[in-house]
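Structure first, commentary second.
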Amino acid sequence: LRALLSWLNVPVGAGPGLNDAALTGNINLVGVNAALSNLKMRVDSTNAEGALKIGRTGGLTTIQGTLAADAVDLGRYQPPAPQGAAAGQSSSSLTSGHDRGLDLGGLKGFDIDLRLSAASVRVGKAAITRAAVSLTAREGRFQVAVGEADIFGGRASGTISGSTAGNGHLPVTTSFQA
């Protein structure tokens, strides 16, 4: 999957995850646009169902759709902890990684509007259930809106938004409530 993304000029770099994928469903091709319906997909160990539209508009790759997943482990996509990190220190927590930077320069060529839901999401030791999220991105600006997420015995909602700076790294604005 990493090789395919690289071939499509989507910079994902090296790292864990994104090793294998499978898609089944119906496809309708019209010009440079593809509509995938009755979609069943697996990326690494995550299974999801839904529908996607993928195409090109105004020089941007457009991705629109809705996906529902069973269990998602986002920790598998985090880079390893820097060398010299304390023994036992987790590189998969909600707060780690801020000092390693997050390169989202690849978003500049996309117009994304996705609705995602998952029965469970793991990020390191954090377990989230009943997650409903929308992800929008256009020309380097993005927003992740969490409509609902059950976490730490309560419910949370909020947004994370930002844009890639000239160096591809990310100034972020967050707003959450429990």
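Observations on the model:
- Note on residue 47 and residue 61: the model spin-label points, each 7 Å out from Cα along the C-beta direction, lie 2.7 nm apart.
- Length added when fully stretched, residue 159-residue 129, from 0.36 nm per residue minus Cα-Cα: 9.1 nm
- Rolling a 1.4 Å probe over the heavy atoms of the protein chains gives the stretch 15-84 an accessible area of 61 Å² per residue.
- The slack between residue 37 and residue 24, meaning 0.36 nm per residue of separation minus the straight C-alpha distance, is 3.8 nm.
The values are calculated or read from the model by the stated rules, or taken from the named source; none is laboratory data. Values in this document were obtained by computation on a predicted structure and should not be read as measured data. Please note: Cβ atoms are built from the backbone with ideal geometry, for glycine as well, and neighbour counts cover all protein chains shown. Ligands, DNA and RNA are excluded from the accessible area calculation, which covers all protein heavy atoms including side chains. Shrake-Rupley method; radii C 1.70, N 1.55, O 1.52, S 1.80 Å.
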